[in-house]
Amino acid sequence: MSNIRYVQSLSPKQKPDASNLEFGKTFTDHMFLLDYTEGQGWHDPRIVPYGPLTLDPAAMVFHYGQAVFEGLKAFRTKDDRIVLFRPNKNAERLNVSNERLNIPHLDEAAFVEYVKALVSIDREWVPSAEGTSLYIRPFIMAIEPCLGVRASKRYLFAIIMSPVGAYYKEGIHPVKINVESQYVRAVRGGTGFAKTAGNYASSIKAQEEAKEEGFSQVLWLDGKEHTYVEEVGSMNMFFKIGGEVVTPELNGSILAGITRDSVLHLLKTWGVPVTERKISIREIYQASLDGKLEEAFGTGTAAVISPVGELHWQEHTMTINQGKIGELAQKIYDTITGIQNGTVPDTFGWNAVVE
Ligand code: COI
């Protein structure tokens, strides 16, 4: 394990019941930590018992939100190997977020090595039941104690891990989504493409309001014209309209999802017509009226593939595929989860084995 220091937990925890895992509620025995200090760079990689962090109350992250994060998963394959799904893409995207938040670059090979080292130590925590995985949450925060608004001179990179089942209580069953008509998530030139805490903080009010109305999530429209579909905070969106699959293009205010990228690869390989372009909510509504809105589904690491059975926009309700999962969404779900659990050949080389 190269230069990673290891302090073993002396009180390993009881593992949760794999048939009843709530997303992100229980954590493994260890966590990974790495410090950054201006002039010294990233240093002192270590795996230590999972536990509270001690931070100065003036740590800049608490005041100005200079924080980025990632999400990826480890799977236990049918032949009992442990694999990560495309961890190099998370390493790349972390640096895209770092760049936007003015956080120092982290070596991408080292990122993958750190994730693998932590998963390897807590490998007993990778569940094997269908639909389960070990969710991995790497994150970086500004920890210099200072109330001046400027870039921090100290950062902490941490990785924590949580055995998980489905992100939505609906699992693979279709969710109901409200198209947000008042608030916006991101604007061009802002931080929409970065995986940064503030994007999620500003989405919570709309999400809670939608939840009270019985929706699982909100679908964000663009911040300028309030016309074009962007993303659901935890997922990118795909629509199948008259045989063609459309997903909003990456325009600077949408997160470049790794599952989104994987779905695009699969669709292209299967010869399914797919376009990345601007798509207005009005076009989707019209397609629904014309009987051409065949499927809608979200994609994300936590959510995997989540079919949308109902889309509400202003006073309109669009019921999609009679509220049932579509054939294409099911095929994509089966293929991606099959690659991850080793029952479908990994022809793209997406799985990275943890020794
Ligand atoms: C992920 O899918 O990994 C995410 O980070 C989304 C988060 C809202 C759970």
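Among the residues of the stretch 45-82, which ones are of a type in the set (Asp, Glu), closer than 26 Å to Glu355 by Cβ and over 23 Å from the mean Cα position of the chain (by Cα)? Walk me through it before giving the result.
Restricting attention to the stretch 45-82, the residues satisfying the condition of being of a type in the set (Asp, Glu) are 56, 70, 79-80.
Those still in the list that are closer than 26 Å to Glu355 by Cβ too: 70, 79-80.
Within the stretch 45-82, Asp79, Asp80 meet the criteria.
Six or more apart or on different chains, Cβ atoms under 9 Å: show the pairs whose first residue is in the stretch 122-142 and not assigned by TED's automatic domain parsing to the domain that holds Glu70 and more than 16 Å from the ligand (Cβ to nearest atom) and whose second is part of a strand (DSSP E or B) and open to solvent by 20 Å² or more (accessible area, probe 1.4 Å).
Every condition considered, no pair remains.
Filter the stretch 126-170 for residues that are under 15 Å from Tyr36 (Cα atoms) and of a type in the set (Phe, Trp, Tyr); which is surrounded by the fewest Cβ atoms within 10 Å (Cβ to Cβ)?
Result: Phe139.
Search the stretch 310-336 for residues being touching a Pro at 6+ places or on another chain (Cβ under 9 Å) and crowded, with 22+ Cβ neighbours inside 10 Å, and hand back the single one that is nearest to Ile254 (Cα to Cα). It would help to see each step written out before you state the result.
Step one: list which residues in the stretch 310-336 are touching a Pro at 6+ places or on another chain (Cβ under 9 Å), which gives 310, 320-321, 323-326, 329-330, 333.
From what's left, crowded, with 22+ Cβ neighbours inside 10 Å: 320, 329.
On the way: Ile320: 24, Ala329: 21 Å.
Of everything passing the filter in the stretch 310-336, Ala329 is nearest to Ile254 (Cα to Cα).
Determine which member of the set Ser133, Ser120 is in contact with a Phe, Trp or Tyr (Cβ under 6 Å, 6 or more places away or on another chain) and modelled with pLDDT of 95 or more. Explain how you work it out, then say what you get.
Numbers: Ser120 fails: in contact with a Phe, Trp or Tyr (Cβ under 6 Å, 6 or more places away or on another chain).
Among Ser133, Ser120, only Ser133 is in contact with a Phe, Trp or Tyr (Cβ under 6 Å, 6 or more places away or on another chain) and modelled with pLDDT of 95 or more.
Return the only residue of Lys169, Lys176, Lys153 being within 15 Å of the ligand (Cβ to nearest atom) and of a type outside the set (A, V, I, L, M, F, W, C).
None of the other options fit; the residue is Lys169.
Name the residues in the stretch 130-160 that are farther than 26 Å from Leu72 by Cα and of a type in the set (A, V, I, L, M), would you?
Residues satisfying the conditions are Leu147, Val149, Ala151.
For the subset of the stretch 247-267 comprising residues that are assigned to a helix (DSSP H, G or I) and within 16 Å of the ligand (Cβ to nearest atom), which member is surrounded by the fewest Cβ atoms within 10 Å (Cβ to Cβ)? Step through it out loud before you land on a result.
Keep residues of the stretch 247-267 that are assigned to a helix (DSSP H, G or I), which gives 258-267.
Now restrict to residues that are within 16 Å of the ligand (Cβ to nearest atom): 258-263.
Values: Ile258: 24, Thr259: 22, Arg260: 23, Asp261: 16, Ser262: 20, Val263: 26.
Taking the candidates together, the pick is Asp261.
Here are the criteria: (1) open to solvent by less than 40 Å² (accessible area, probe 1.4 Å); (2) assigned to a loop (DSSP other than H, G, I, E, B); (3) within 14 Å of the ligand (Cβ to nearest atom). Tell me which single one Phe215 does not satisfy.
(3)
I'm trying to understand the selection: among the residues of the stretch 281-312, which are in contact with a helix residue (DSSP H, G or I) (Cβ under 7 Å, 6 or more places away or on another chain), aliphatic (A, V, I, L, M) and within 16 Å of the ligand (Cβ to nearest atom)?
Val304, Ile305
Here is a check on your reading of the model: is Phe111 open to solvent by less than 60 Å² (accessible area, probe 1.4 Å), under 20 Å from Glu38 (Cα atoms) and without any contact (Cβ under 8 Å) to a residue 40 or more places away in the chain?
Details: open to solvent by less than 60 Å² (accessible area, probe 1.4 Å): yes; under 20 Å from Glu38 (Cα atoms): yes; without any contact (Cβ under 8 Å) to a residue 40 or more places away in the chain: yes.
So Phe111 passes the test.
If I ask for residues that are among the small types (Gly, Ala, Ser) and over 16 Å from Asp261 (Cβ atoms), which ones from the stretch 332-352 would you list? Let's see the steps before the verdict.
Start the filter on the stretch 332-352 by keeping residues that are among the small types (Gly, Ala, Ser), which leaves 338, 342, 349, 352.
Answer for the stretch 332-352, where residues must be among the small types (Gly, Ala, Ser) and over 16 Å from Asp261 (Cβ atoms): Gly338, Gly342.
The values are calculated or read from the model by the stated rules, or taken from the named source; none is laboratory data. For clarity, every value in this text was computed on a predicted model and none was experimentally measured. Here Cβ is always computed from backbone atoms with ideal geometry, including for glycine, and neighbour counts include all displayed protein chains. For the accessible areas, the whole protein counts, side chains as well, though only heavy atoms, and no ligand, DNA or RNA atoms are used. Shrake-Rupley method; radii C 1.70, N 1.55, O 1.52, S 1.80 Å.
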